[in-house]
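See below for the structure under consideration.
FYI, it's all coordinate maths here, none of it is from the lab. Because the structure is predicted, anything quoted here is derived from the model rather than measured. Here the Cβ is made from the backbone with ideal geometry for all residues, glycine too, and neighbour counts use every protein chain on show.
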Amino acid sequence: MSTEELESRVLALRETFAAASADPSALNACVERLAPLKQLLTIHRLQNSIPSNRFWLLSREVHEIGALVSIHGGDVDSFECFYSQLYLFYFDYSQVCLHTPVGVTIVQLMERSERMDLILGIRLLQLLTENRIGDFYMLLELIPHDLRNSINISYVVDLERSMMEGNLARLIGVNHTAPCEYYKTLSDKLADTARSKIAASIEVSYPSLRMDVVISMLQLQGVNVSLVCMLPMPLQEMFSFVAYYNQCKAIGGTFSTVYVIIFAEGSHVQWHIDGDRIVFVSEEVSRCSVSSREMLVHSLDAIEELEKIV
């Protein structure tokens, strides 16, 4: 397939994606166009040892639209697959360094994409929702300084700062302050991450709390406490949170479908509902104790062995 034929198909995808802003059902048509387009890009790449610059631009646009369609549909795994390809376009294929007798010259291979700040902002927000702070900072260091000032990226950086400062209430309300619709897809996961941090602080600070106080601190939907206590099943959001919180702790905090619960290592506090109060019960966990003297001996032995190697 020639570059011209490929370009016509990308143009059709672009028009379909543009129509999705007014007609959300057009996103399904985008998904249908993406799969064969990805195959055509691969075939074209294999048939041409040195693809043109135009091909790289078309390929980048296809993956950008794929990433946005995926995140709009709530498919974070698919977004991550598209982003892994875009990472190369944004940071590896965008420019090269040529060593000349005069010095090092930076040659720009592709002009910067208009969607770059949006895609990177979504990626940063995804890392923040998963509490992957190390990866968050690694990506932030790669982003050009002028691009960090865009609203899509600076907004997420401010959210991360709020998390570090303990202003977790702002993270819960991100659905109302997000600069674009794509961020709202991840807003619930970010709110759950913030709630898990608040819950971890509550359980070590109080022996028990009234249920309405916990509902307020976690910013869950308000419920009638006297009515809820009469329910045989945990139908309200507070009951669901408590049950899920305890369940995640029992399996190490790796299970996630409704709430994204993240626990500090060694947290063994169960939440029990007792009337209109929530009681935080600490469970004793048997640990293998090692005396300070024994630890010091082992450390000195390790240092001695390292010196022998050197």
Cα gyration tensor shape for segment 1-96, rounded if a/c is under 1.5, else prolate or oblate: oblate
Charges only on Cβ, +1 for Lys and Arg, -1 for Asp and Glu: so what's the dipole of segment 1-96 about the Cα centre, in debye to the nearest 20? 240 debye
Fewest first, what order do 130, 114 take by the number of other Cβ atoms within 10 Å? 114, 130
To make sure I understand the rule: partners must be aspartates and glutamates, Cα under 17 Å from the Cα of residue 308, and not fewer than 8 residues away in the same chain. Which ones qualify? none
